[in-house]
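Just below is one structure, and these are the notes that go with it.
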Amino acid sequence: MHTEAVTHENPTLSGRHVRLEPLAHHHADGLVSASASDPSLYQWSPVPQGKAEATRYIETARAWRDAGSAVPFAILRVEDGVVLGSTRFWNIERWSWPSSHPSYGRTTPDACEIGYTWLARNAIRTPVNTESKLLMLNYAFETWKVLRVCFHTDVRNQRSRAALERIGGQFEGILRAHRMAADFIPRDSARYSILAVEWPSVKEKLNQKVKN
């Protein structure tokens, strides 16, 4: 398994409304402010509350990045640089292509997951989430050239499920007792995905949503 290509990746992804910066310790205070705006939003998501939790959150995300299993971002508003939340690529997969296959030796991921996404209250129902997903999906499909991007959310999280469906995620089913939930019970996860062949259509729709 090759991890070096991801370990050293720290892309900054910029759009009209948001800029996704590599998550770093100087974002800690911004994360604290963003999550303090309405803690009730995060019933189903692991979101840091307070400076100590934010620091640990960043340290864990950066350790995953250094191990080659994640690429974490802080989400910033373009106009003033205010931190609005966080998101990341993770569960980054590299498949063992045989030496006779055209994909043998590729150094970029074959598939990945987008998750650990959360936003401040004032970023909900704005273009922030749509443009963040557009930037990340564009990077995954057009820079990494992945074959699939998947998403998982707590089956009880109707707001997240509706958001994934709005951006073009295809519902695949329910994974039972899939992960530990934010309330520390075995979580059933709703799984969604977007395939490379679906990306052009999804991209067009997301671009229209961001412009409107």
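When you check Ser37 against the structure, is it at pLDDT below 95 and open to solvent by 60 Å² or more (accessible area, probe 1.4 Å), yes or no?
When the stated conditions are applied, Ser37 passes them.
Does any residue in region 177-206 that is closer than 21 Å to Lys145 by Cβ come within less than 6 Å, Cβ to Cβ, of a residue that is open to solvent by 60 Å² or more (accessible area, probe 1.4 Å) and of a type outside the set (S, T, N, Q) six or more places away or on a different chain, and which pairs are these?
Here the result reads Tyr192/Phe171; Ser193/Glu172; Ala196/Leu147, each pair linking region 177-206 to a residue that is open to solvent by 60 Å² or more (accessible area, probe 1.4 Å) and of a type outside the set (S, T, N, Q).
Does Ser86 count as within 18 Å of Trp199 (Cα to Cα), open to solvent by less than 10 Å² (accessible area, probe 1.4 Å), touching a residue at least 60 places away in the same chain (Cβ under 8 Å) and of a type outside the set (Phe, Trp, Tyr)?
The answer is no for Ser86.
Restricting the search to region 40-77, which residues are β-branched (Val, Ile, Thr), open to solvent by less than 60 Å² (accessible area, probe 1.4 Å), outside any strand (DSSP E or B) and within 18 Å of Pro22 (Cβ to Cβ)?
Matches in region 40-77: Thr55, Ile58.
The values are calculated or read from the model by the stated rules, or taken from the named source; none is laboratory data. Values in this document were obtained by computation on a predicted structure and should not be read as measured data. For neighbour counting, all protein chains shown are included, and Cβ atoms are generated from backbone atoms with ideal geometry for every residue, glycine included. For the accessible areas, the whole protein counts, side chains as well, though only heavy atoms, and no ligand, DNA or RNA atoms are used. Shrake-Rupley method; radii C 1.70, N 1.55, O 1.52, S 1.80 Å.
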